[in-house]
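**Q** Can you read through this structure? Questions will come right after.
The values are calculated or read from the model by the stated rules, or taken from the named source; none is laboratory data. Quantities reported herein were computed from a predicted structural model and do not represent experimental measurements. So basically every Cβ, Gly included, is an ideal-geometry build from the backbone, and we count neighbours across all protein chains shown. Heads up: the accessible areas ignore ligands, DNA and RNA and are worked out on the full protein's heavy atoms, side chains in. Shrake-Rupley method; radii C 1.70, N 1.55, O 1.52, S 1.80 Å.
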Amino acid sequence: MNTFRDVIAKFGSAENLARAIAVKGVTVRQWQQRESIPVSYWPAIIMAATESEIDGIDPLSLYRIATGR
């Protein structure tokens, strides 16, 4: 997983992620377009990934994507 688009894809679609974290689909689609997910949403995304048994989405992986490290 190298991009925030990859993170969103792990949920199957932008709409699936949006439902999982209770935001509008357009919000997640904007993240896809900008290739950026605001840090304030990371905890909800990590929790949703854990609950959905999606591997590889954790604070360190999101940090590495954001910083390119």
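**Q** Hey, among the residues in region 42-55 that are open to solvent by less than 70 Å² (accessible area, probe 1.4 Å) and part of a helix (DSSP H, G or I), which one's nearest to R69 (Cα to Cα)?
**A** W42
**Q** Just checking, does region 5-18 include any residue being open to solvent by 30 Å² or more (accessible area, probe 1.4 Å) and of a type in the set (V, I, T)?
**A** No, region 5-18 contains no residue that is open to solvent by 30 Å² or more (accessible area, probe 1.4 Å) and of a type in the set (V, I, T).
**Q** So, in region 56-69, exactly how many residues are part of a loop (DSSP other than H, G, I, E, B), open to solvent by 90 Å² or more (accessible area, probe 1.4 Å) and modelled with pLDDT of 95 or more?
**A** Within region 56-69, residues that are part of a loop (DSSP other than H, G, I, E, B), open to solvent by 90 Å² or more (accessible area, probe 1.4 Å) and modelled with pLDDT of 95 or more number 0.
**Q** Next up: Report, by residue number, each residue of region 19-41 that is open to solvent by less than 80 Å² (accessible area, probe 1.4 Å), touching a residue at least 12 places away in the same chain (Cβ under 8 Å) and under 11 Å from the mean Cα position of the chain (by Cα).
**A** A20, I21, V28, W31, Q32, E35, S36, I37, Y41
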